[in-house]
Protein chains: 2
Amino acid sequence: MSRLDSAIRRLQAQRACLDHAAEAIAALAGPVLELGLGNGRTYDHLRGRLPGREIFVFEREVAAHPDCVPPALHLILGDFAETLPEVGARFAASVSLAHADVGSGDPAASRRSAGLVARFVPPMLRPGGLLLCELDLEVPELERLPMPEGVAPERYFYYRKPSA
Amino acid sequence: MSRLDSAIRRLQAQRACLDHAAEAIAALAGPVLELGLGNGRTYDHLRGRLPGREIFVFEREVAAHPDCVPPALHLILGDFAETLPEVGARFAASVSLAHADVGSGDPAASRRSAGLVARFVPPMLRPGGLLLCELDLEVPELERLPMPEGVAPERYFYYRKPSA
């Protein structure tokens, strides 16, 4: 499999997971968190799939296509280590979906981001709320869901906060 | 269509064109030119599809995955405006396939690169040789080929040097 094949599979898996999650939370109120904006592709996809839903985007520094930059009120700028603890009370047990695309070329930085997501995101999810991440997370308070059909395991990781 | 959808379609079109071209030149001798290395995805794909074929890569500055960096003898570093004229005699009428992925976020720079490709690449193609580019080129000495099945027109442009 070439790197071109691999890039296509990765983006297809990402889209299948986002589509699945968007449908799964259709009847679940609560804002969506996009952790990591990057070039804005997945944010653009989520806002198209979830019209009217509030989507809050967390990013260190915006480098997205100009038409994929969220409105200022929904953009939370800064290092996850500072912003995630700050918004804990505001979003406590209210979030319907968090999508964390926080990996980077730097494995140490990716692990650090994954650790912050695992620590601060679960308390913000409402019961039944979903967490999608391209990295495996240590989140014992969440249940691991199977991947949507057609998505290879280990390409994405999919968690839910128990409803009870 | 979201930017995620669009990225998937663009990469799928790129792969379909490269696969088609690799098969089309199977019986045509001559080196391949990869104009623009980028992250190395399409170079990786081409070398997988064309084992044993010499592939020369032109790039201003290497920023690819380390395992997608061509060997030094097959890497021609510098601005296309300098390197393409320099290699004209070396490759004259010998190249079986040139793939030019030279677009960038800067439209003026993309047009300039497309102009250099249109001027310097056709004389390097052997009769029957192919030129694939994601930009439309003014190359009156080449014939425009239809896109491979499943690839939308205007996603890629496909040219051949007449055999006669």
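The values are calculated or read from the model by the stated rules, or taken from the named source; none is laboratory data. Computed from a predicted structure; not experimentally measured. Here the Cβ positions follow ideal geometry from the backbone for every residue, glycine too, while neighbour counts run over all protein chains shown.
Given A:Ala98, A:Ala81, A:Ala89, A:Ala114, which one is closer than 26 Å to A:Ala13 by Cα, assigned to a helix (DSSP H, G or I) and hydrophobic (A, V, I, L, M, F, W, C)? Break it down stepwise before answering.
On the way: A:Ala98 fails: assigned to a helix (DSSP H, G or I); A:Ala81 fails: closer than 26 Å to A:Ala13 by Cα; A:Ala89 fails: closer than 26 Å to A:Ala13 by Cα.
Residue meeting the stated conditions: A:Ala114.
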In the range A:83-90, is there at least one residue being touching a residue at least 40 places away in the same chain (Cβ under 8 Å), exposed (fewer than 15 other Cβ atoms within 10 Å of the Cβ) and away from chain B (no Cβ under 11 Å)? no
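Only residues that are of a type outside the set (A, V, I, L, M, F, W, C) and either within 24 Å of A:Cys68 (Cβ to Cβ) or not in a helix (DSSP H, G or I) (or both): list them for the range B:1-36, please. Spell out how you get there, then give the answer.
Taking the range B:1-36 and keeping what is of a type outside the set (A, V, I, L, M, F, W, C), we get B:2-3, B:5-6, B:9-10, B:12, B:14-15, B:19-20, B:23, B:30-31, B:34, B:36.
If the condition is that a residue be of a type outside the set (A, V, I, L, M, F, W, C) and either within 24 Å of A:Cys68 (Cβ to Cβ) or not in a helix (DSSP H, G or I) (or both), then B:Ser2, B:Arg3, B:Asp5, B:Ser6, B:Arg9, B:Arg10, B:Gln12, B:Gln14, B:Gly30, B:Pro31, B:Glu34, B:Gly36 are the ones that fit.
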Of (1) more than 14 Å from the chain's Cα centre (by Cα); (2) within 11 Å of another protein chain (Cβ to nearest Cβ), B:Ala13 satisfies all except one. Which? (1)
Test B:Pro148 against the stated conditions and say whether it is closer than 16 Å to B:Ala22 by Cα and modelled with pLDDT under 95. yes
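Go over the candidates B:Gly38, B:Gly48 one by one and state the one that is within 14 Å of chain A (Cβ to nearest Cβ) and modelled with pLDDT under 95. Even if it seems obvious, please write down each step before you answer.
On the way: B:Gly48 fails: modelled with pLDDT under 95.
Criteria check complete, one pass: B:Gly38.
Looking at the range A:49-66, is at least one residue free of Cβ contacts under 8 Å to residues at least 12 places away in the same chain, assigned to a helix (DSSP H, G or I) and over 22 Å from A:Ala13 (Cα atoms)? Reasoning before the result, please.
The first filter runs over the range A:49-66 and keeps only residues free of Cβ contacts under 8 Å to residues at least 12 places away in the same chain, leaving A:51-52, A:66.
Now restrict to residues that are assigned to a helix (DSSP H, G or I): A:66.
Narrowing the set further to residues that are over 22 Å from A:Ala13 (Cα atoms) leaves A:66.
Yes, the range A:49-66 contains a residue that is free of Cβ contacts under 8 Å to residues at least 12 places away in the same chain, assigned to a helix (DSSP H, G or I) and over 22 Å from A:Ala13 (Cα atoms).
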